[in-house]
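Here's the structure, in structure tokens; my notes come after.
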Amino acid sequence: MYPIFDNFQKLLTFNFPKTIIYCFYFHFLLLQVLVQDLLHPTAASEARKHKLKTLVQGPRSYFLDVKCPGCLNITTVFSHAQTAVTCESCSTVLCTPTGGKAKLSEGTSFRRK
């Protein structure tokens, strides 16, 4: 890694106060430059991460207002719905569940809330 770390045990064998040696090494470590900024990550790197591993945790799910193509009624649907959602007035299927997000039926228009 760094040749300075190879001599760490040798430095501890001398009669220097250990606080001076530790201060020297911490100062050396603080001077190292990080490859990426951890406080200001890019949007692309945040999008690749898991929802709990991002800088600010948050859900990836949302609610939708789905408009029925037959009667133009608006129904609120969860993006990861696990049951088939039907229109209350004309009972047409608005979305069907998949393994993750719900799949909207053809002809339906939606708006993210």
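The values are calculated or read from the model by the stated rules, or taken from the named source; none is laboratory data. This structure is a prediction, so every number in the text was calculated from the model and none was measured. When we count neighbours, we look across all protein chains shown, and the Cβ atoms used for this are built from the backbone with ideal geometry, even at glycine.
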#### Entry: Gly107 being assigned to a loop (DSSP other than H, G, I, E, B) and within 30 Å of Glu46 (Cβ to Cβ)
no
### Query
How many residues are under 15 Å from Ser91 (Cα atoms) and of a type in the set (D, E, K, R) when one looks only at segment 62-77?
1
### Query
Just one of the numbered conditions (1) modelled with pLDDT of 95 or more; (2) surrounded by 12 or more Cβ atoms within 10 Å (Cβ to Cβ); (3) of a type in the set (Ser, Thr, Tyr) is not true of Thr76; which one?
(2)
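To keep it simple, each residue is scored yes or no on (1) modelled with pLDDT of 95 or more; (2) closer than 30 Å to Leu104 by Cβ; (3) part of a helix (DSSP H, G or I).
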site: Lys10; (1), (2), (3): no, no, yes
site: His27; (1), (2), (3): no, no, yes
site: Leu30; (1), (2), (3): no, no, yes
site: Gln36; (1), (2), (3): no, no, no
site: His40; (1), (2), (3): no, no, no
site: Leu55; (1), (2), (3): no, no, no
site: Asp65; (1), (2), (3): yes, yes, no
